[in-house]
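What follows is calculated from the coordinates using simple rules that are stated; it is not laboratory data. Because the structure is predicted, anything quoted here is derived from the model rather than measured. Note: ideal-geometry Cβ built from the backbone for every residue, glycine included; neighbour counts use all protein chains shown.
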């Protein structure tokens, strides 16, 4: 990579370059909205010329999807790490759901999934079959660790947990701020159906 193509520190690899660009893209989209963000805005934010941007990404949607995919994998890893703090299957299920309900809407980039302007494109991507399978497989691991007999059902259980958490984010009702009430709801109504 030529030094003249990048302002500031040059990326060490093509992967670093792409990360720098999608971070710049997501920052622009958060600040200006999807429709008002241009490829020129993203190039300026990343400190590169437009031809350099187009070398790595052909569209703003490609930038958006690459960024969201990357942060979603990081978020899934954080969910797994959180679940592993608890000893029992029941605690892991309850606390995983509560964690997702609390943390996903606060995430600076993943919260774009719930933004009206970005929602159609992002929801199709974020909640696609492929994305759901990847997230469910990752987040099923802590469940299977404490209950190996659930190896065949763990991914399905994790998918149901994810779908319940998303519904609680989209339609929180009284549980928006009552996380103890949410825990009780999960214990009394959701757990019996899952295990």
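Using bins 10 angstrom wide from zero, how does P(r) for segment 81-140 break down, in % of all Cα pairs?
Reading the bins upward from 0: 21, 44, 29, 6, 0.
With axes computed from alpha carbons, what is the tilt in degrees of helix 60-83 against the longest principal axis of the chain, rounded to the nearest 10 within 0 to 90?
30
Quick one: work out Rg over Rh on the C-alpha atoms of the chain, Rh as Kirkwood radius.
1.05
For the chain, find the longest principal axis of its Cα atoms and tell me its angle to the long axis of helix 129-146, 0 to 90°, nearest 10.
Orientation of helix 129-146: about 50 degrees from the principal axis.
I need the calculated FRET efficiency for the pair residue 146 and residue 187, taking r as the beta carbon distance and R₀ as 22 Å, to the nearest 0.05.
0.85
Going by alpha carbons, how many degrees (0 to 90, nearest 10) lie between the helix axis of 14-32 and the longest principal axis of the chain?
Roughly 80 degrees between the two axes.
Between Rg and the Kirkwood Rh of segment 12-58, both from Cα atoms, what is the Rg to Rh ratio?
0.95
Using alpha carbon centroids, what distance separates segment 174-195 and segment 68-144, in Å?
17
Which distance in nm do the two modelled labels at residue 10 and residue 32 give, with both placed 7 Å along the Cα-to-Cβ direction?
My value for the distance between the label points is 2.8 nm.
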